[in-house]
Each structure stands twice: as C-alpha cells, then as structure tokens.
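Asker: Structure provided below as structure tokens; questions to follow.
The values are calculated or read from the model by the stated rules, or taken from the named source; none is laboratory data. For clarity, every value in this text was computed on a predicted model and none was experimentally measured. Neighbour counts run over all protein chains shown; Cβ positions are idealised from the backbone, glycine included. Quick note on the areas: whole protein, heavy atoms, side chains included, nothing else; ligands and nucleic acids left out. Shrake-Rupley method; radii C 1.70, N 1.55, O 1.52, S 1.80 Å.
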Amino acid sequence: EVVVDGQMLYGMSTRILPVTQRTIYLIHHSHVDIGYTHVQEEVLEKQWEWLEMSIDLADKSQENPPEARFKWNVEVMWAVDQYLRNKPEEKRQALLDAISKGWIELDAFYGNNLLALSNSEELVRMTESAREVAKLCEVDLESAMISDIPGWTWGMVPVLAKSGVKYLSLGTNQGHRIGHTIRDWGDRPFYWLSPSGKERVLTWIHGAGYSLFHTGLGYENLNRELAETKILEYIQQLHADGYTYDIVPLRYNIGSDNGPPDKMLSKFVMNWNDKYVTPKLVISTVSESFGLFEEKYGIDLPEVSGDFTAFWEDGAISSARETATTQRSSERLIQAEALYAMLQPENYPAEAFRDCWTEILLFNEHTWGSWNSISEPEAEFTTHQW
C-alpha cells in the first residue's frame, strides 16, 4: 500500500515465495574427445597442457577462500596415463603431488568409451590405470565420469564398485540422439545396483549435460555475464521442476570439447559469492560434491536395477571390420595372458600387454573420427584421424 496523509493512493496484493538456499558445486573438467576437434596427437598435447595449467592455477589459489580454490577433474585417465609414461621425472612428480594434495582428482575410466562394445575383461581394464595411480599417490579412487554418451552398460557397475568407486557422474550430450535420457533421468540421483544386487554406485545424470558453458570460443572469450545468466536460468529451471535438494553438482567446462581450464574461475566464484546470498558457488570434485550429497540425502535415494540401453554403439557398423578385428584381438590377449601365467610367468611381457590393451580401449572410445568425417570424408583432417 502507498499511503499519503492518511489516504491510500495505491494498493495491491502479491505472493512472495521463500527462496530455496542452494549450493552449486562446479565440477571443472575438459571433455576429452580423442580426435574430433583436433587430430589425436594435438589433443594429447592440449590435455597435457591443461594438466600443467591446472597445477599452476591450484597452487596460486591456495590463499583464496576454500570454495574458490581451483580444482580439476581429469574426466578420463588417458592423458594422465600418457603424461606419466612420457614426461620427465620432474613433471611426473609435480602431477603426482597435485593428485596427492587433492588439487587434481582422478576419475576411474580410461576414456569416454562406448562400454557396450566391451567384454568383461575390457571393462576391468578401463579402471586399471586409475587404480594404479591412486595407489601410487595414496589417495582413494572414489569417482568416475563419462561425458557426451547417452546409454551405459550395466556391467560397469560392479567393475566400478570393485575398484572402490562410489560415485558416477554422467554428463550426456544435450542434442544428438539421446532419447529421453535427460528428460526422464536428469538431476534425479539414484543408487545403481549391480546385477548381483551386492554392489551399488551413486549415479547422477546431470540435467544440464556436460556442455552448458560451451561457447565454441577460447577461454579468453568466455562471457562472464553469459555464464552468470546460464547458472541463474538453470537454478530457476530446477525450482520449476520441483528439485528438492540444496546441493547441486554442475559440470563446468568451457570453450568446446577438449576445452581448457578456466583461468578466471576462482575470481569468478569469489565475485559471485560476494554478490549473491544464494546460490553459493563452490569449485569442487565429483567425490567431494557427491560425498556431501550422499551424507545428507543418501538414505532417501531410490535404488535402480537394469541396463541403461546404449544409444551410440550402433556406430560400430561404420567400422564393422575393424571392430571385429579388435574384438578378436581382445580375446586372443586374454588367452595369451592365461598361457603366460601357466607356462612362462617369469617371461610375462607386461609392457607389451599393457600397450595392446591401451589400443583396444582406445578403439572403443566414443569419438570415431573428426567433426566433419561425414560431410568431408576425404579431407586430410578426416583421413589423418582415421
């Protein structure tokens, strides 16, 4: 009401709903496409550069408030594994130290693989590198990520659980052949039970996918006002959808696929938290954010069984001969390892077997060629990747 000298000049009624206090945990990572945006060699060099940038950014942010200290999620182990195999000792040790300090979190899978193409041995091999590095750094391997892919084989649940992984972050593509994945499962966390029912993994299919902050531009060109708008719109959508939790894990990667660390993220978070009471922003990891969520809400989460039917594995038809060759090679490797174990364990060529398994895992990685492999199949960029 507006009252002047005892006379009401204007009056109306409105309803103001209470604001839900929420905290958004930004899970910062690069979506690793082995190929697609660049040829494979260039992707590896970029991902190595991102690891070194992340170490530097984390080190420089240690005086910041805890929520604004830089952290990096590796998403997949391929670049970490190759870095540790190829870099000099000083650089290797710097990366291992950063992992030990919690600046960089290991995520269990070797690549963003189409796991329905894998046999059981390949699924186990998918977590081998992460298990070894985690043991070396004396850290717990608790999380796994898969990006872009909609649909995941049920067989990965017991493999993750047996590897120590408790949390699975699934950030799908938002527009290309994803069916009802986000519509039916987005931001509806659940425990995914293994086929035996003896193991389970806390699973989150992110409603914003993995690419909410993609602009197609370099990180120097990231528009902070646009990022702010995207976050506020996302929170409003969660409210409209009846999202009941005050903890919100949100994938954060910028530019495009194979994008870099955000050099300004710590400052962005500090400025945001100075400006807004809610939602609060925290730079986080999968295990940190999921662990806090589980502690508060885990007892009430549903348990779900079954296969989440694969969508993209039909692409194997485009490379049917090579897929068959790879599957035969995988079976021959299993038999060869068994024969070595029985007949010549002292001569077991560990590195040769490791290299072979790496090639098999990389064949089933999801990228399958360049961004223009269909429109320009004979382009040098396409043929080089093949």
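Asker: For segment 355-386, give me each residue that is surrounded by 20 or more Cβ atoms within 10 Å (Cβ to Cβ), assigned to a helix (DSSP H, G or I) and either modelled with pLDDT under 90 or polar (S, T, N, Q) (or both).
Answerer: The answer is Gln385, and nothing else.
Asker: Give segment 257-267 a look and list any residue that's part of a helix (DSSP H, G or I) and either of a type in the set (Gly, Ala, Ser) or buried (at least 19 other Cβ atoms within 10 Å of the Cβ) (or both), or say none.
Answerer: Within segment 257-267, the first condition is being part of a helix (DSSP H, G or I), and the residues that meet it are 265-267.
Within segment 257-267, Leu265, Ser266 meet the criteria.
Asker: I need the helices (runs of 4 or more DSSP H) fully contained in segment 75-177, keeping only those with at least 3 residues that are closer than 27 Å to Glu49 by Cα, among the small types (Gly, Ala, Ser) and open to solvent by less than 30 Å² (accessible area, probe 1.4 Å).
Answerer: Values: elements: 78-86, 89-101, 120-125, 128-137, 156-162.
Per the criteria, 128-137.
Asker: Something else about it: Exactly one of (1) part of a helix (DSSP H, G or I); (2) without any contact (Cβ under 8 Å) to a residue 24 or more places away in the chain; (3) open to solvent by 40 Å² or more (accessible area, probe 1.4 Å) is unmet by Lys296. Its number?
Answerer: All conditions pass for Lys296, except number (2).
Asker: For Glu346, which of the numbered conditions (1) crowded, with 18+ Cβ neighbours inside 10 Å; (2) at pLDDT 95 or above fails to hold?
Answerer: Every listed condition holds for Glu346 apart from (1).
Asker: Met12 passes all but one of (1) touching a Gly at 6+ places or on another chain (Cβ under 7 Å); (2) surrounded by fewer than 16 Cβ atoms within 10 Å (Cβ to Cβ); (3) modelled with pLDDT of 95 or more; which number fails?
Answerer: Against the list (1) touching a Gly at 6+ places or on another chain (Cβ under 7 Å); (2) surrounded by fewer than 16 Cβ atoms within 10 Å (Cβ to Cβ); (3) modelled with pLDDT of 95 or more, Met12 comes up short only on (1).
Asker: Select from segment 40-74 the residues that are under 23 Å from Leu250 (Cα atoms), in a loop (DSSP other than H, G, I, E, B) and of a type outside the set (Ser, Thr, Tyr) and list them in ascending order.
Answerer: Gln62, Asn64, Pro65, Arg69, Phe70, Lys71, Val74
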